[in-house]
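The values are calculated or read from the model by the stated rules, or taken from the named source; none is laboratory data. Just so it is clear, the model here is predicted, and its values are computed rather than measured. Neighbour counts are summed over all protein chains in view; Cβ atoms, including those assigned to glycine, are modelled from backbone coordinates with ideal geometry. Note: areas computed on protein heavy atoms with side chains; ligands, DNA, RNA excluded. Shrake-Rupley method; radii C 1.70, N 1.55, O 1.52, S 1.80 Å.
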Amino acid sequence: MIPFVNLVAQRKAYISEFEQAECTVLNGGCYVGGPVIAAFERKLADFCNTKHAVSCGSGTEALSIALMALGIKPGDEVIVPDFTFIAPAECVAILGGVPRFADIDPETLQISPKDVEPLINENTRGIIAVDLFGQCAPFEELRNIANKHGLWILEDAAQAFGARQSINGQEHRACTFGDISITSFYPSKPLGCYGDGGALFTKNDEYAERIRQIANHGSKSHYHHETIGINSRLDSIQAAILDVKLNHFEDELKIRQENARKYNEFFAAYKGFTPQKISNQNESTYAQYTLLVDNRDEFIEKLKAIDIPYCIHYPMALHQQPCFNKLSPIAKKTSIGSEENSSNKTKNCADCISQKVVSLPVCAFTDVDSIISKMKSVL
Ligand SMILES: *Cc1c(COP(=O)(O)O)cnc(C)c1O
């Protein structure tokens, strides 16, 4: 069976570099923090061309730390996309905030700016924009909305480290669009480690200091705690592993993009298959190659018959998740697609799209030519 993400082949390809990096950390005796972490954080920030990078325990923790640094308080409302992984909405809710679900664009599958503005009220503090499947969110429009209403933007680039977006002819990397931006190094992300890991990015010195403090028990110096914080750290060995992968990352991104191009070309010949639209100004990391399939059940049966792995990212809109129904009646009552909107539309785009999406293997160690030739035989 073809693996959905071929981490074993990737390890084999760079094995001597991995072993050397791993041994250096293991034999060096410094397992948390220290020079390996400091050097890796500098390298991350330089890669994105931003000022500060702070590593932490996971992408989810990075989101929580960011929200704490941005000063979220109970009752504060934060606008999140209705179609994404649960983490952004979950982190808002666990800190006592109220996630408000904005509908998505039916082609790019990104948070739709025109659906953001109607959700803004006097309790709104910010927008979490997710770079879905590796494509940067529409930041120019989102920034205009945020500026107009005095909101912050938290960029969730868990799937998009390395992605690019041009604004007014200037190219920017993902992780530079938010007041604070975050990424995840979960193993299956485009840049993943061998366990959990994440990072936060900001150009703002004050946010950077708050982030470091919150991630370290609210402490600036040993046993002196200014604020309530948490313990969230990237292990030194994970930084060493990520450092090896980062050296090959640009090459891997090119292969992922070429794999996606091959899929696009293939599916263009068939009716009822529509790949996620990548806007002209964007270069996706293709964390997922995702397409909309009119007759999904039938397509999945065919994939199963030829042993091609697939994933459904994501099977339902977030406002439909039972946890939000229970936790936050306000969020349920006011989310798009709920009772109050049902007179003009019963289903939003997020609901419809969740019934059509399928993701196919696309990593740099996936043989997409052979997957395509197998699909040719059944489609
Ligand atoms: C993976 C992911 C996260 C969470 O990252 P972890 O490192 O697994 O905690 C958050 N947001 C999005 C959009 C993700 O895809």
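Would you check the accessible area of His217, probe 1.4 Å, heavy atoms only, in square angstrom rounded to 10?
80
Given a cut-off of 19 Å, name the pairs among Lys302/Lys356; Lys43/Lys203; Lys12/Lys374; Lys148/Lys277 whose C-alpha atoms lie farther apart than that in the structure shown.
Working: Lys302/Lys356 15 Å; Lys43/Lys203 15 Å; Lys12/Lys374 26 Å; Lys148/Lys277 28 Å.
Over 19 Å apart, Cα to Cα: Lys12/Lys374; Lys148/Lys277.
Skipping prolines and chain starts, which residues have an amide H placed within reach, meaning under 5 Å, of the one on Asp76, given they are 5 or more residues away or on another chain?
Those qualifying (amide H under 5 Å, at least 5 residues apart or on another chain) are Val98.
Given the protein chains as shown and a 1.4 Å probe, how many square angstrom of His319 are accessible, to the nearest 10?
Per-residue accessible area (His319): approximately 20 Å².
On the accessible surface of the chain, probed at 1.4 Å, how many percent belong to carbon and sulfur atoms? Write out the running numbers ahead of the final one.
Numbers: 8540 of 16570 Å².
With neighbouring chains kept in place, the figure for the chain is 52 percent.
Checking the cross-link filter: which aspartates and glutamates have an alpha carbon closer than 18 Å to that of Lys376, excluding same-chain neighbours under 8 positions apart?
Within reach: Glu265, Asp294, Asp297, Glu298, Glu301, Asp307, Asp367.
From the phi of every residue in region 274-279, what ³J(HN,Hα) in whole Hz does the Karplus formula 6.51 cos²θ - 1.76 cosθ + 1.60 yield, where θ is phi - 60° and glycine or proline is x?
10, x, 3, 6, 9, 5
Scan region 74-173 for GluC sites (Glu not before Pro) in coil per DSSP, keeping those whose Cβ has at most 11 other Cβ atoms within 10 Å, and list them by number. Mind dumping the intermediate values first?
On the way: sites: Glu77, Glu90, Glu107, Glu122, Glu140, Glu141, Glu155, Glu171; in loops: Glu107, Glu122.
For GluC sites (Glu not before Pro) across region 74-173 that sit outside H, G, I, E and B with at most 11 neighbouring Cβ atoms in 10 Å, the list reads Glu122.
For Gly134, what is the net charge nearby, where nearby means another residue's Cβ is under 11 Å from its Cβ and Lys, Arg count +1, Asp, Glu -1? All intermediate terms of the calculation are to be shown ahead of the outcome.
Numbers: positive: Arg164, Lys189, Arg256; negative: Asp131, Glu283.
For residues surrounding Gly134, the net value is +1.
Using modelled backbone amide H atoms (1.01 Å from N, in-plane), which distant-in-sequence or interchain residues come within less than 5 Å of Ile180's amide H?
Ile153, Glu155
Quick check: with the 1.4 Å probe, what order do Met1, Met375 take by accessible area, largest first?
Working: Met1 160, Met375 0 Å².
So, going from the largest accessible area down, we get Met1, Met375.
What is the sum of charges around Glu206, taking Lys and Arg as +1, Asp and Glu as -1, for the other residues whose C-beta is under 12 Å from the C-beta of Glu206?
Details: positive: Lys51, Lys203, Arg210, Arg212; negative: Asp179, Asp205, Glu209.
Taking every Cβ under 12 Å from that of Glu206, the sum is +1.
For region 160-174, take each phi angle, set θ = phi - 60°, evaluate the Karplus expression 6.51 cos²θ - 1.76 cosθ + 1.60, and give the result in whole Hz per residue in order, putting x for glycine and proline.
Once rounded to whole Hz, the list reads 10, 4, x, 5, 10, 9, 9, 10, 6, x, 9, 8, 10, 8, 4.
Enumerate the calculated ³J(HN,Hα) couplings along region 53-68 in order (Karplus 6.51 cos²θ - 1.76 cosθ + 1.60, θ = phi - 60°), each rounded to whole Hz, writing x wherever the residue is Gly or Pro.
Using θ = phi - 60°, the values come out as 10, 10, 7, 7, x, 5, x, 5, 5, 4, 4, 5, 4, 4, 4, 5 Hz.
Identify, among Gln276, Val36, Cys352, the residue whose Cα sits farthest towards the positive end of the charge dipole of the chain, taking +1 on the Cβ of Lys and Arg and -1 on the Cβ of Asp and Glu, with the dipole about the Cα centre.
Cys352
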